[in-house]
Amino acid sequence: ENAQLFKQTEQERIKLSAIINSTQDAVLVTTPDNDVLLLNPAAAEMLALKTKSWEGVPLAELTSNDRLLKLLSPDSPTTGEVLLPDNRTMWTSVTEIAGLGRVAVLRDISAYKALDKMKRDFITAFTHDLRTPLATVKGYIELVRMDGPLTERQEEDLVGVTKAANQMKALVEDLLELSRLEQLDELTRERIQLQKVVETSISAMQPPATSKKIGLVLDDPAEDLLIEGNSVLLSRASGNLLDNAIKYTPEGGEVHIRLGQNNGNALVSIIDNGPGIPTRDLPRVFEKFFRARPELDDVPGSGLGLAIVKIITEQHGGQVWVESQPEKGSTFTIALPICKVKDEAVEQ
């Protein structure tokens, strides 16, 4: 019986070894101390190893790739991109296994990155080329007004043209910003008070809120929330959420801004009493150009505001999500890691 069990175990081991060794993805297994337990041929090729004596060797002695070493360190992100010396980009997923260590699977996404760069370059060139004719259209609108008295109908037509040109300008600017954000390799970071960031956004969004007689109500946080990030980008993210809430909140309503913390994260929640979002559409609200309520297409917007919020949040190591019920409103929440060190200079 023991012989039969050993035979079955050995067969399973051979099968597993054959699968791991034949996969094109690089598989790397390390101990909790980051000593190498297993490398498949794809991982050995990726690390450009010239020796087969890697078992038990510290990973730092086999590679100097800081990004890979960081991902395989304790308390690090579980996914991320690793750039290799030959300019390949590997998407890395790391799984902790209790009592064993960490398993990293690295997949070559260089072709997808190249396609993504082509798309971004096209969008950047296209939107830059649109700026000049848009400025020309707006210039001619003002010239028409200067040429002489207009009839009421002509003025209405010019107002319509101006509105369309402004919407196109907003779309162009959002496309350019999204493209810049997607190409951003590293953020300029500083320790900041989250409440200051939110208050800046509230001040910027006060005029459109006032025009709709909507109150922006900031609920006081229990304590100061210190985060590390880029205050300009974070103000843009919270401002986009406020702008979205104002657009969909009925005239005379209120938008609440609530600050808090949970599980080491600072939370910013924007709460409105607008039309809400159907449950089926919730997973897609942060997609580019997605509009959750087609019947509300008359609400102005580029369809990129929430996509910009998502990319800014993720670049800060955070998350953004939405909770909503039709006809009851929506709550958008941004979660950002709280600074562990609180005694250093903080932006005021």
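From the set of residues in the stretch 71-121 that are in a strand (DSSP E or B) and among the acidic types (Asp, Glu), which is surrounded by the fewest Cβ atoms within 10 Å (Cβ to Cβ)?
Per the criteria, the residue is GLU96.
Conditions tested, residue by residue: (1) of a type in the set (Gly, Ala, Ser); (2) free of Cβ contacts under 8 Å to residues at least 60 places away in the same chain.
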residue	(1), (2)
GLY139	yes, yes
GLU142	no, yes
ASP157	no, yes
ALA164	yes, yes
GLN167	no, no
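Filter the stretch 43-61 down to the residues that are under 17 Å from VAL105 (Cβ atoms) and crowded, with 18+ Cβ neighbours inside 10 Å and list them by number.
Scanning the stretch 43-61 gives ALA43, MET46, LEU47, LEU59.
List every residue pair whose Cβ atoms lie under 7 Å apart, where the two residues are 6 or more positions apart in sequence or sit on different chains, the first residue falls within the stretch 223-238 and is free of Cβ contacts under 8 Å to residues at least 40 places away in the same chain, and the second residue, located anywhere, is outside any loop (DSSP other than H, G, I, E, B) and hydrophobic (A, V, I, L, M, F, W, C).
From residues that are free of Cβ contacts under 8 Å to residues at least 40 places away in the same chain, the pairs are SER235/VAL197.
To keep it simple, each residue is scored yes or no on (1) more than 18 Å from the chain's Cα centre (by Cα); (2) farther than 24 Å from THR188 by Cα.
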{"position": "LEU226", "(1), (2)": "yes, no"}
{"position": "ARG236", "(1), (2)": "no, no"}
{"position": "ALA245", "(1), (2)": "yes, yes"}
{"position": "THR249", "(1), (2)": "yes, yes"}
{"position": "GLY253", "(1), (2)": "yes, yes"}
{"position": "ASN263", "(1), (2)": "yes, yes"}
{"position": "VAL268", "(1), (2)": "no, no"}
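What residue, among those in the stretch 1-58 that are at pLDDT below 80 and assigned to a loop (DSSP other than H, G, I, E, B), is farthest from the chain's Cα centre (by Cα)?
Residue satisfying both the conditions and the ranking: GLU1.
Select from the stretch 272-298 the residues that are aromatic (Phe, Trp, Tyr) and modelled with pLDDT of 85 or more and list them in ascending order.
Passing the criteria: only PHE286.
A quick yes/no check of all residues on (1) under 18 Å from ASN240 (Cβ atoms); (2) in the same structural domain as THR313 (by TED's automatic domain parsing); (3) of a type in the set (Ser, Thr, Tyr); (4) touching an Asp or Glu at 6+ places or on another chain (Cβ under 8 Å):
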position	(1), (2), (3), (4)
VAL161	no, no, no, no
GLN167	yes, no, no, no
ALA170	yes, no, no, no
ASP174	yes, no, no, no
GLU177	yes, no, no, no
VAL198	yes, yes, no, no
SER203	yes, yes, yes, no
PRO208	yes, yes, no, yes
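Among SER76, SER53, which is the only one that is among the small types (Gly, Ala, Ser) and more than 26 Å from SER17 (Cα to Cα)?
SER76
How about the stretch 122-139: which of its residues are surrounded by 12 or more Cβ atoms within 10 Å (Cβ to Cβ) and farther than 18 Å from ASP174 by Cα?
Once the filter is applied, which keeps residues that are surrounded by 12 or more Cβ atoms within 10 Å (Cβ to Cβ) and farther than 18 Å from ASP174 by Cα, the stretch 122-139 yields VAL137, LYS138.
The values are calculated or read from the model by the stated rules, or taken from the named source; none is laboratory data. Keep in mind the model is a prediction, meaning the values are calculated, not measured. Because the Cβ atoms are built from the backbone with ideal geometry, glycine has one as well, and the counts that use them run over all protein chains shown.
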